[in-house]
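One structure is given here, and the rest of the page talks about it.
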Amino acid sequence: MHAIELLTGRSGYTLDSLITLAHDPYLPAFKALIPGLVQAYNSHDDKNPKLQEPIETLENWDFKTSKESIAMTLAHYYGTTMGQKAKQPKGISDMERMTYFGNYPEEGLGILEEVIDRLESDFGTWKMPWGEVNRYQRLNGDIRQAFNDSLPSVGVGFASGRWGALAAYGVSYTNNTKKIYGTRGNSFAAVVEFGDTVKAKTILAGGQSGGRLHRILMTKRNVTLI
């Protein structure tokens, strides 16, 4: 959905502008999920004061991920916990699930309170910028890393493809850490411009064979690789 929305009715791309588009930070799943939660909170006369500031943070969010975004942290934990605990139809996609929760947010306020409690327990505050929670850490050459909150790591502003991220960054396992450490995602964007001379921009991910790039070069006589 995200890619279709970005590409429809547009033209005149350059190599660099298309690479920029591939890293667009907008997350359509949260556009479907969060407004219903905000509406549910505002519809109550006896609003939970504990949720007032978190709800305002989400209400003022542009649904874009970044290392500095506190709303991104709230939304990630909220969407994840809703998927784990809230009632939902069976056999639906992630996007359909978020849309369903957005239309029927009855359990959402209780789930958000759980999220606030968890963040305050783990970090001392719910006001955690996404880059402080979402980290990259490689301690050695092991395939399965023993992630450790007390050892150095790097903040990452990208988000899971579950939320509609094009430049996706997600986790497939944990080691009982409080922070999130990425283990999978899109390694890079490769952009090719076809014409009299074929131009391309790409990178090779660590450990990847050069065979695929070699085949590209062998099949095109005039290739400029930047």
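Each value in this text was obtained by applying a stated rule to the coordinates, not by laboratory testing. Note that this is a predicted model, so its numbers are computed, not measured. Note: ideal-geometry Cβ built from the backbone for every residue, glycine included; neighbour counts use all protein chains shown.
Residues being within 18 Å of the chain's Cα centre (by Cα) and closer than 16 Å to residue 39 by Cα: count how many of those fall in the stretch 80-100.
Count: 2.
Can you tell me which residue among 67, 87 is touching a strand residue (DSSP E or B) at 6+ places or on another chain (Cβ under 6 Å) and outside any helix (DSSP H, G or I)?
Answer to the selection: 67.
Suppose we filter the stretch 141-173 for residues that are in contact with a helix residue (DSSP H, G or I) (Cβ under 6 Å, 6 or more places away or on another chain), farther than 16 Å from residue 74 by Cα and either charged (D, E, K, R) or in a loop (DSSP other than H, G, I, E, B) (or both); how many remain?
Going through the stretch 141-173 one residue at a time, the tally reaches 2.
Suppose we filter the stretch 137-155 for residues that are hydroxyl-bearing (Ser, Thr, Tyr) and loosely packed, with under 14 Cβ neighbours inside 10 Å; how many remain?
Qualifying residue count for the region: 1.
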